[in-house]
Amino acid sequence: MLNMQTTQRTTQEWQQLDAAHHMHPFSDMGSLNKAGSRVITRAKGVYLWDSNGNKIIDGMAGLWCVNVGYGRQELADAARDQMLELPYYNTFFKTTHPPVIELSQQLSELTPDGFNHFFYCNSGSEGNDTVLRIVHQYWAALGKPQRKVVISRINGYHGSTIAGASLGGMGYMHEQMPSKVENIVHIHQPYWYGEAAEGVTPEAFGKARAAELEAKILELGADNVAAFIGEPFQGAGGVIFPPESYWPEIQRICDKYGILLVADEVIGGFGRTGEWFAHQHFGFKPDIMTLAKGLTSGYVPMGAVAIHDKVALPIIEAGDFNHGMTYSGHPVAAAVALANIAILRDGGVVDQVKNETGPYFQKSLREALSSSPIIGEIHGTGLVAGMQLCEEKNPRKRFANGGDVGLICRDHCFGNNLIMRATGDRMLLSPPLVISRTEIDELVDKAARCIALTAKDLGY
Ligand code: PMP
């Protein structure tokens, strides 16, 4: 807990100090400093409180990460106990420690067959940097170092380090980078609502977007391609669920050309869709997975790369792998991850999302919103949803200034003490996985009210 001197400041004092000294991620600091940040001071379950005493329902689980909800004593105890027992030791020089050993063993049980090795880092971005290193090391170990190119998607998100952002397909990030990591190319995303021509079915569109992978591989030469990376559903890009035809086709193409398939499970992992990992919902089989966020429910930073035996064993055979971070496998983070997994698994949270709260949330959201004149489609399963704002429902038509409409809606959310994210013209929800039915009712009611207020502002 903070000391009394800092907790007793007024909101205004905090805002002034924040503006004076704190650079926020992904922010326009000039305008933020003028407006003043909202100061979040505490949280419990699915609720946040700000420094003015407002109680806010967190429809985004922080940044898609607080899967077990806020204020879990078990996680605090695990961190405290581990800090007193062994707060830090490295795993670089022929040493290891119990928390990282136990965590790796448990992850090998939770992940699908064949995933038996885990490399740790501190975030999803570092995870994807690590993926890139692993992919290259694998092909070098197999004597095919020319297999260098990684294929990714426009509007995919894989983090904000130079490699993470290069893998990602966010043009506004690329524009601000001195250069991108070489040997990364992008194909189009499987975003039917936004990008399919009139009359093209989701099924046909999914296949067509997957076919771009094959075309790109043939253009580059299969012998030069190392891997394809994608989020099972795009999270930061707008909770875009690909058509059902997409992933089976991607799998077929990767198999055909012997290309590694990487699932970025940073958002989808640890129960978000009701499965432990989102690729299981879509039914494909990756060779590598990036994990972060839900691994520790965001209580402490930790990321990991899950490596299938097919990839791990040749790397292990090959000798030195010159990669790692001071905090790779941090004992406190590992202890928290273990306590977090115990809640998700033994507390039945993931099962509950699959069988109970997930279906209830999806049904409630559709009942509350499908008649809205400005909601064109709702994507999602389990406890994640993306709602497409539209000018006209039939034939589907997006707003010309969709990003502005999203911001109008987000302002209503702010005013109604609801955290719902706007990504362009899509509104996103991804609450803590421990949310109850009553809390889902509140979340859905508030989301529907904010969308109705937005529609009213626009003259519907
Ligand atoms: N991959 C995906 C799919 C993500 O959604 C994110 C973060 N939202 C990242 C990677 C990057 O993770 P981090 O912010 O922890 O670096």
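Here, each number is a calculation from the coordinates, and none is a lab measurement. Everything numeric in this text was worked out from a predicted model, so none of it was measured. Don't worry about glycine lacking a Cβ; one is built from the backbone with ideal geometry, like all the others, and counts go over all protein chains shown.
On the stretch given as segment 341-389, residues that are under 30 Å from SER104 (Cβ atoms) and in contact with an Asp or Glu (Cβ under 8 Å, 6 or more places away or on another chain) total 5. Taken over segment 306-353, the criterion of being among the aliphatic types (A, V, I, L, M), within 16 Å of the ligand (Cβ to nearest atom) and part of a helix (DSSP H, G or I) is satisfied by ALA333, VAL336, ALA337. Total residues in segment 262-305 satisfying the condition of being away from the ligand (no atom under 14 Å from the Cβ) and not in a loop (DSSP other than H, G, I, E, B): the figure is 3. Of GLU214, GLU219, all but one fail to be surrounded by 16 or more Cβ atoms within 10 Å (Cβ to Cβ) and of a type outside the set (Phe, Trp, Tyr); the exception is GLU214.
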